[in-house]
Amino acid sequence: MRSSNQLLSCVSEEDWLRWQPQLKLVELETEQVLHESGDKQLQIYFPTTAIVSLLHILENGGSTEIAMTGREGMVGISSFMGSNSTPCRGVVQQPGWAYKVPSAFVLQEFESSSHVMQLMLRFTQALITQMSQVAVCNRHHAIEQQLSRWLLLNFDRIDAHVLVITQEKMSSLLGVRREGITRAAGQLQEQGLIQCNRGHMHLLNRAGLHAKACECYDVVKHEYEKLNASGRS
């Protein structure tokens, strides 16, 4: 059960006895909004097969992905970070399953279990690292590098070599023009790294795509690997 989410798998056996009755397995659909910017988060989600995008929303309605969360973590850190609301919107990018648990329970565990507290804080550190690296990447790296980094982070979170997503959606998440995504995806396809087909992105050569990505991918991946290793130690 809990092995399908890496964060839950790190919860100690003693703590797990309290967690298990609180968890409810739910199916998440594409574009489902888990929380809006400014909302008080009443539920926390631990994805197993779904991927959730955290979006920063501008006054004009525009949005850009600042981070993504899948089976490595959770959605809803504001519930235990001392804030009554979240500054971003959480939207399901890739459909799938997740465990849902009341945020009040997680806060209680955070305050009463030192192991849970350390686990949640380590994940928060990894998430902040991802947000910071995405900001740097979007400012300094070419669209082809950004797209390669983004695709790899997604493929790391699913047990498949196909992402169901349009180039228009990718341009919105990355905050770049559709033409730039089309050109970058076309270049990666010409090199035999991916295949684009009617809203489906097929991974053909992971090593080659990794070589095209900037260092931001490795920084983010390494941070989550440290989280997983420390949680099991």
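Coordinate-derived values only; no laboratory data. This one's a predicted model, so the numbers in the text were calculated from it and none came from an experiment. No Cβ is skipped: glycine too gets one built from the backbone with ideal geometry, and neighbour counts run over all protein chains shown.
Listing for the model above:
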{"quantity": "Neighbourhood charge, 10 Å Cβ-Cβ cut-off, centred on Ser171 and excluding it, Lys, Arg +1 and Asp, Glu -1", "calculated": "+1"}
{"quantity": "Contour minus Cα-Cα distance for Ser37 and His161 (0.36 nm per residue)", "calculated": "41.5 nm"}
{"quantity": "Within-15-Å neighbourhood charge of Glu65 [Cβ basis; K, R +1; D, E -1]", "calculated": "+3"}
{"quantity": "Loop-resident sites, region 31-92, for trypsin sites (Lys or Arg not before Pro), counting at most 13 other Cβ within 10 Å (DSSP)", "calculated": "Lys40"}
{"quantity": "Cα→Cβ-extended label distance, 7 Å offset, between His200 and Ile128, nm", "calculated": "4.2 nm"}
{"quantity": "Kirkwood hydrodynamic radius of region 116-233, from inverse mean 1/r over distinct Cα pairs, in Å", "calculated": "15.0 Å"}
{"quantity": "Percent of Cα pairs exceeding the 24 Å cut-off, where the set is the chain", "calculated": "43 percent"}
{"quantity": "Percent RCO, i.e. relative contact order, over region 47-186, from Cα pairs under 8 Å lying at least 6 residues apart", "calculated": "27 percent"}
{"quantity": "Summed residue charge, Cβ within 12 Å of Lys100's Cβ, Lys/Arg positive, Asp/Glu negative", "calculated": "0"}
{"quantity": "GNM flexibility winner over the chain from Glu31, Glu215, Glu59 (Cα, springs under 10 Å)", "calculated": "Glu59"}
{"quantity": "Per-bin percent of Cα-Cα distances, region 113-153 [10 Å]", "calculated": "27, 37, 22, 13, 1"}
{"quantity": "Ala211 paired with Thr30, simple spin-label distance in nm, labels 7 Å along Cα-to-beta-carbon", "calculated": "3.2 nm"}
{"quantity": "At R0 = 25 Å, FRET efficiency that the Cβ-Cβ distance of Leu121 and Asp15 yields, to 0.05", "calculated": "0.95"}
{"quantity": "Gaussian network model of the chain, springs between alpha carbon atoms under 10 Å - residue of Met81, Met131, Met120 with greatest fluctuation", "calculated": "Met81"}
{"quantity": "Approximate spin-label separation Ser4-Ala229, in nm, with each point projected 7 Å along Cα-to-Cβ", "calculated": "2.9 nm"}
{"quantity": "Tail beyond 15 Å, pair distance distribution of region 12-101 (Cα, percent)", "calculated": "60 percent"}
{"quantity": "Loop-located trypsin sites (Lys or Arg not before Pro) in region 133-233, at most 10 other Cβ atoms within 10 Å (DSSP)", "calculated": "Arg198"}
{"quantity": "Calculated [θ] (222 nm, deg cm²/dmol) that DSSP helices of n ≥ 4 give over the chain, each run adding -39,500 (n - 2.57)", "calculated": "-14000 deg cm²/dmol"}
{"quantity": "Contact order relative to length of region 142-213, as percent, for alpha carbon pairs under 8 angstrom and 6 or more apart", "calculated": "41 percent"}
{"quantity": "Per-pair calculated FRET efficiency, R0 = 30 Å: Thr182 and Met81 via Cβ, rounded to 0.05", "calculated": "0.20"}
